[in-house]
1. Going through GLY285, GLY246 one at a time, which residue ends up being surrounded by fewer than 23 Cβ atoms within 10 Å (Cβ to Cβ), away from ligand 2 (no atom under 16 Å from the Cβ), of a type in the set (Gly, Ala, Ser) and more than 21 Å from THR343 (Cα to Cα)?
2. Mind listing whichever residues of segment 52-74 are within 16 Å of ligand 2 (Cβ to nearest atom) and of a type in the set (Val, Ile, Thr)?
3. In segment 151-182, which residues are under 19 Å from the mean Cα position of the chain (by Cα) and more than 23 Å from PRO237 (Cα to Cα)?
4. Quick one: how many residues across segment 150-173 are out of contact with any helix residue (DSSP H, G or I) (no Cβ under 7 Å at 6 or more places or on another chain) and surrounded by 20 or more Cβ atoms within 10 Å (Cβ to Cβ)?
5. From the list LEU51, LEU41, which residue is crowded, with 24+ Cβ neighbours inside 10 Å, within 19 Å of GLU174 (Cα to Cα) and not assigned by TED's automatic domain parsing to the domain that holds ASP131?
6. Is it the case, given these coordinates, that ALA336 is in a helix (DSSP H, G or I), over 22 Å from GLY269 (Cα atoms) and of a type in the set (A, V, I, L, M)?
7. Please enumerate the residues belonging to segment 42-100 that are among the aliphatic types (A, V, I, L, M) and not in a helix (DSSP H, G or I).
8. Every residue in segment 287-327 that is among the polar types (S, T, N, Q) and not in a strand (DSSP E or B), please.
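The values are calculated or read from the model by the stated rules, or taken from the named source; none is laboratory data. Since the structure is predicted, the reported quantities are computational estimates derived from the model, not experimental observations. With ideal geometry, Cβ positions are generated from the backbone for all residues, glycine too; neighbour counts draw on all protein chains shown.
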Amino acid sequence: MRVAGPASSRSLLFLANFSDPVAGCGPAAVCDHPPVHVVVLAGGVGAARFLRGVRVARQAGDEVTAIVNTGDDLTVHGLRVCPDLDSVMYTLGGGIDEERGWGRAGETWTTQAELACYGAEPDWFSLGDSDLATHLVRTRMLDAGFALSDVTAALCARWQPGVTLIPMSDQRVETHVLVDLDTGPRAIHFQEWWVRHRAELPAHGFVQVGVESATPAPGVLDALAGADVILLAPSNPVVSIGTILGIPGLRDALAAAAAPVIGLSPIIGGAPVRGMADRCLPVIGVPTTAEGVGRHYAARSDGGLLDGWLIHAGDRADVPGVTVEAVPLLMRDVAATTVMARTALDLAARCAAGRPQRPGQPGA
Ligand code: GDP
Ligand code: CA
């Protein structure tokens with residue numbers, strides 16, 4: 001594991017100076033700089049698309065690790081399903097259905113139709129035929145005693161995402177939503193609220209079931225401690241990034257990391273780009289604005305998370321103690337997303353250059 005210090009700051013500055021908007025540093029290119037380790041906190045679809053840009057933006061030798069939310073995971077028809085891990089893995093592996101943003105391209109639904117003929121519940125969560133193979137392999141490995149992080153690595157051996165994917169925890173931590181049903185107050189699984197009820201059932205709060213006894217998955221704390229840059233993907237701040245940060249030790253690891261922490265707003269013009277983050281933020285009392293989310297994450301210097309906060313061009317945000325910059329944040333295609341990722345790395349480089357070194361760092 002590399003120790004972040006002056007050398008890292010130098011390599012970040014080098015990275016920031018690399019200006020080709022799309023090509024990255026191909027195998028034939030000469031990249032004479034120390035490798036950089038970029039760590040990204042990731043949810044599902046928003047993070048998957050962003051990581052596609054980060055993957056192009058990095059240069060030869062650079063390493064990218066994604067710490068992925070598993071609070072959405074659920075068991076369906078006896079199979080363990082990890083929606084966010086799979087969205088990231090399929091997207092980076094070239095197997096995603098681009099239109100839906102989840103599941104496999106060219107999917108068929110024969111098994112789903114057969115299950116419906118049996119009246120098998122839940123009927124509101126769809127699993128395609130190709131996708132089922134992933135869940136069969138995962139469930140079989142989990143049942144055999146492998147940890148989710150091992151299973152994820154095994155699945156990625158097929159998909160070759162080019163980014164190291166680590167679940168936030170190997171233990172089960174499931175997001176549940178507090179709602180009122182006809183039968184009284186209940187906590188329902190996040191997926192039931194999100195997919196079945198389209199997040200339209202008024203929510204009173206979110207609970208991370210199992211979080212007290214959860215620990216970060218192997219590699220998570222080392223990645224954060226050894227990172228040169230930490231990015232908060234433009235993911236749902238409540239049920240993606242917030243869930244990861246709920247794992248005991250994660251928030252402290254971010255606060256203690258030598259790397260600058262840069263967040264990208266998933267809120268543009270006062271609304272999520274897609275998805276229903278606007279149904280989640282009010283539940284925790286955060287305005288659905290780039291400023292609201294920035295202030296929710298807050299400055300590291302103020303006990304929060306951020307050194308830098310990227311908001312969409314035209315938006316405004318005042319986040320005390322945080323360098324805020326407005327740049328295009330719409331992930332229209334990989335080229336636009338790559339520019340976005342480069343902008344985040346560039347801001348990280350400038351934050352690293354401007355930050356006083358911490359005690360114990362070489363040269364401090
Ligand atoms: P999920 O777990 O599948 O919901 O995915 P994430 O939590 O990773 O991402 C959901 C968030 O991605 C939503 O709040 C969207 O606003 C955000 N998002 C999607 N597309 C874009 C985009 O093009 N730009 C930005 N800035 N955010 C986006
Ligand atoms: Ca998710």
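1. Only one candidate qualifies: GLY285.
2. ILE67, VAL68, THR70 - these are the residues of segment 52-74 that are within 16 Å of ligand 2 (Cβ to nearest atom) and of a type in the set (Val, Ile, Thr).
3. VAL151, THR152, ALA153, LEU155, CYS156, TRP159, GLN160, PRO161, GLY162
4. Final tally of qualifying residues: 1.
5. Every option except LEU41 fails the conditions.
6. Considered against the rule, which asks whether it is in a helix (DSSP H, G or I), over 22 Å from GLY269 (Cα atoms) and of a type in the set (A, V, I, L, M), ALA336 comes out as no.
7. Matches in segment 42-100: ALA42, ALA60, VAL64, ALA66, ILE67, VAL68, LEU74, VAL76, LEU79, VAL81, ILE96.
8. THR288, THR289, SER301 - these are the residues of segment 287-327 that are among the polar types (S, T, N, Q) and not in a strand (DSSP E or B).
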